[in-house]
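Notes for the one structure printed next.
The values are calculated or read from the model by the stated rules, or taken from the named source; none is laboratory data. Small disclaimer: the values here were computed from a predicted structure and weren't measured. All Cβ positions, even for glycine, are placed from backbone atoms using ideal geometry, and neighbour counts span all protein chains on display.
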Amino acid sequence: MAHTPPPKLWYLPNHRDALQAHMHFLHKLGNAKTEANYRAYYQTFIKDGTANGAASNAYLTSSDVPFKTKCIIMKYRTGTLYNQEHAVLFKLSTSQTCPLCLLHVDSALHILSGCQHTQIRNMITERHSIACRMIFKAIRKTGSLGACIVSKDIGSNKRMAMQYLQIPETAESRSVPKWLFPPRFPDEDRFISSRPDFVLVTLIAAKHTKKTNVGGWVLQSGREQLRETGSTSAAPPATSRATNPRQHRPKDLSKPRRDIHLVEIKYCEDTRPQNQLNATKEQHKDICNIFQGASVTL
């Protein structure tokens, strides 16, 4: 058998224009257009200051992410993840329609989050639910915040049990509780209203420097922290439910003392999250105006 000749080594005086000229000469890949959309999106994203570089690129050094997955992520980020748009460009197909759902134009974003094929939709939904349950687990680890969750729409109880997640007594239902709505709000409207992934109800933060005793809790300003009445030191949040759940349940807080948090987890384009952010605000606009509390935060 003939042996493959060793690769030829090329001397490059630098890794910028020399490498660019070399790649373009051999592979027609070097002369990237700096005015193209991808570069413009990334530059805007960086200048806005909304990108978290450490979190966004953590997958590159994570031992939990397989090498092939890292390659796929990089292809998605650079617009080189193969899809029907590429197939048409390379003259391998005449249709840009997704070959699975046959409904929409294929693209990298369609593959990850938009395909309507039954099996793909189930995979996308479960991926979202797994992310929600990971965040749910993190909230539960904070101690007192776990008992502030009053509803969760993150998959069945069976799925949660598979991830060893204990459902708090305050969040047994997937529907938003009735007591957050106005007194005569119709049940049929409540059930068809938008349903966030989580709803948390906490005691509203103090605006003064003094300590305030409200409903059996002492709230110390300057700290987003609650502790039981009678404690004289700045103890960390409790890791278990209050000993008197009836007194400390979120439901027992009066409307002026409720700080309502709606948590919605979304997947979006890494360079253009604004479209998904706007869609999320529109999705929950009505219930943000309906909920009964001192403040509502999405």
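Here are the numbers for this structure:
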| item | result |
| --- | --- |
| Output for the stretch 76-97, where each listed residue is outside any helix (DSSP H, G or I) and over 21 Å from Asp270 (Cβ atoms) | Phe90, Lys91, Leu92, Ser93, Thr94, Ser95, Gln96, Thr97 |
| Failed condition for Tyr38, given (1) modelled with pLDDT of 80 or more; (2) of a type in the set (Phe, Trp, Tyr); (3) out of contact with any Lys or Arg (no Cβ under 8 Å at 6 or more places or on another chain) | (1) |
| Filtered residues of the stretch 108-129 (kept if surrounded by 15 or more Cβ atoms within 10 Å (Cβ to Cβ) and part of a helix (DSSP H, G or I)) | Ala108, Leu109, His110, Ile111, Leu112, Ser113, Gly114, Ile120, Ile124, His128, Ser129 |
| Residue count for the stretch 18-35, restricted to those that are under 28 Å from Asp270 (Cα atoms) and in contact with a Gly (Cβ under 9 Å, 6 or more places away or on another chain) | 4 |
| Filter pass, Leu103 being in a loop (DSSP other than H, G, I, E, B), surrounded by 13 or more Cβ atoms within 10 Å (Cβ to Cβ) and modelled with pLDDT under 95 | no |
| The stretch 150-165 residues that are over 17 Å from Pro177 (Cβ atoms), paired with ones that are at pLDDT 75 or above (beta carbon under 7 Å, 6 or more apart) | Gly155/Ser129; Gly155/Arg133; Arg159/Ser129; Met160/Arg133; Gln163/Arg133; Leu165/Arg133; Leu165/Phe136; Leu165/Lys137 |
| Count of the stretch 134-161 residues which are exposed (fewer than 15 other Cβ atoms within 10 Å of the Cβ), over 20 Å from the mean Cα position of the chain (by Cα) and at pLDDT 75 or above | 1 |
| Residue, farthest from Pro273 (Cα to Cα), within the stretch 13-58, restricted to residues that are touching a helix residue (DSSP H, G or I) at 6+ places or on another chain (Cβ under 6 Å) and surrounded by 12 or more Cβ atoms within 10 Å (Cβ to Cβ) | Gly30 |
| Condition check for Arg121: in contact (Cβ under 8 Å) with a residue 12 or more places away in the chain and charged (D, E, K, R) | no |
| Candidate set from the stretch 166-202 (those that are at pLDDT 90 or above and touching a Gly at 6+ places or on another chain (Cβ under 9 Å)); member that is farthest from His284 (Cα to Cα) | Val201 |
